[in-house]
Amino acid sequence: MNKQSIKIENLSLGYENSANAKHELFPPFSVTAGSSQFIALVGRNGVGKSTFLRTLAGLQNIFSGNIFINGKAASRLLRKDYASLISFVSTEMVRVMHLKVFDLIAMGRYTYTNLFGNLSVNDEKIIVDSLEMTGMSDFMWRNVSELSDGERQRIMIARALVQDTPIMIFDEPTAFLDIPNKYEIILLLKNLTRQKSKTIIFSTHDLNIALHLADKIWLMANRKMYEGTPSQLIKTNAFDEMLANTVLKMENGEIKFK
């Protein structure tokens, strides 16, 4: 059994408004993530997937409950400690002018550089290695604004790689990509769990990707979190909760029209 990287206990999702009134978006749930696991987070729009991932990445405060990262309470971690444990790539595409690919990726080394942000020979090697691993070596000195959506997503993965964290979180990493690029990106991420022993958590609306490529699925549906391997969730009919009141159904492990 994989060693736990993340343990979530009775976590609920929500926010405080300007009057400091609390609003719960999703009731308490508990899940775990093992070392080197490839985990898909699925659920319908508005259920709270992005809020969950941002909370897990330390980008917004815990509403209630506890998160433990490698045995450490997230609530007690400093921002720099968080940055050494978890890297996060949001769903938003980077739109910047006059910035080279190398320079964008180099920003991922900020927790390791000196006061002036100078890169060491080792830093530069890590950046070059990340470009090679993501198939972007030939784009090192290209402007980011000249890249396609698929190429931009690859350099954001490379940027997360140079941060050198044991846990990587991606919010809809294939949102703007065509079908071939979607599978290339997901397969790249899955390979990282094997080659670099990373725990990778990604949200997706593509159930086929989640069912066929994820080691584990976190399914948010009907105000409940379901956790298990794809086959386990299929056997327990958990996907019926997410597909209720739609034109789709789960049949023999495949998504079909009713």
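The values are calculated or read from the model by the stated rules, or taken from the named source; none is laboratory data. Keep in mind that what you see is a predicted model, and the values were worked out from it rather than measured. Every residue, glycine as well, gets a Cβ built from its backbone with ideal geometry; the counts of neighbours run over all protein chains shown. Calculation scope for accessible area: heavy atoms of the full protein, side chains included, ligands and nucleic acids excluded. Shrake-Rupley method; radii C 1.70, N 1.55, O 1.52, S 1.80 Å.
See the values below:
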| read-out | value |
| --- | --- |
| Segment 165-191, subset in contact (Cβ under 8 Å) with a residue 60 or more places away in the chain and more than 30 Å from GLY71 (Cβ to Cβ), residue nearest to the chain's Cα centre (by Cα) | ALA175 |
| Among the residues listed as VAL162, VAL128, the single one being open to solvent by less than 50 Å² (accessible area, probe 1.4 Å) and either within 25 Å of the chain's Cα centre (by Cα) or within 19 Å of PHE88 (Cα to Cα) (or both) | VAL162 |
| Candidates SER197, SER145, SER203 - the one that is within 30 Å of ARG79 (Cα to Cα), more than 16 Å from the chain's Cα centre (by Cα) and touching a residue at least 12 places away in the same chain (Cβ under 8 Å) | SER145 |
| Inter-residue pairs, beta-carbon under 7 Å, first within 19 Å of ASN222 (Cα to Cα) and in a loop (DSSP other than H, G, I, E, B) and in segment 240-256, second open to solvent by 70 Å² or more (accessible area, probe 1.4 Å) and not hydroxyl-bearing (Ser, Thr, Tyr), 6+ apart | VAL247/PHE257; VAL247/LYS258 |
| Some residue of segment 133-146 being touching an Asp or Glu at 6+ places or on another chain (Cβ under 8 Å) and over 30 Å from ASN45 (Cα atoms) | yes |
| Enumeration of residues in segment 158-198 that are within 20 Å of LYS80 (Cα to Cα) and either part of a strand (DSSP E or B) or among the hydrophobic types (A, V, I, L, M, F, W, C) (or both) | ALA158, ALA160, LEU161, VAL162, ILE167, MET168, ILE169, PHE170 |
| Subset of segment 41-62 that is in contact with a helix residue (DSSP H, G or I) (Cβ under 7 Å, 6 or more places away or on another chain) and either open to solvent by 60 Å² or more (accessible area, probe 1.4 Å) or assigned to a loop (DSSP other than H, G, I, E, B) (or both) - its residue that is modelled with the lowest pLDDT | GLN60 |
| Residue in segment 68-92 that is surrounded by the most Cβ atoms within 10 Å (Cβ to Cβ), counting only those that are in a loop (DSSP other than H, G, I, E, B) and over 19 Å from the mean Cα position of the chain (by Cα) | LEU77 |
| Within segment 216-232, considering residues that are under 18 Å from PHE26 (Cβ atoms) and not in a strand (DSSP E or B), the one least open to solvent (accessible area, probe 1.4 Å) | ASN222 |
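For (1) in a strand (DSSP E or B); (2) within 24 Å of GLY58 (Cβ to Cβ); (3) in contact (Cβ under 8 Å) with a residue 40 or more places away in the chain; (4) not charged (D, E, K, R), each residue gets a yes or a no:
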site: VAL94; (1), (2), (3), (4): no, yes, yes, yes
site: HIS98; (1), (2), (3), (4): no, no, yes, yes
site: THR113; (1), (2), (3), (4): no, yes, no, yes
site: LEU119; (1), (2), (3), (4): no, no, no, yes
site: ASP123; (1), (2), (3), (4): no, yes, no, no
site: SER130; (1), (2), (3), (4): no, yes, no, yes
site: ASP138; (1), (2), (3), (4): no, no, no, no
site: GLU151; (1), (2), (3), (4): no, no, no, no
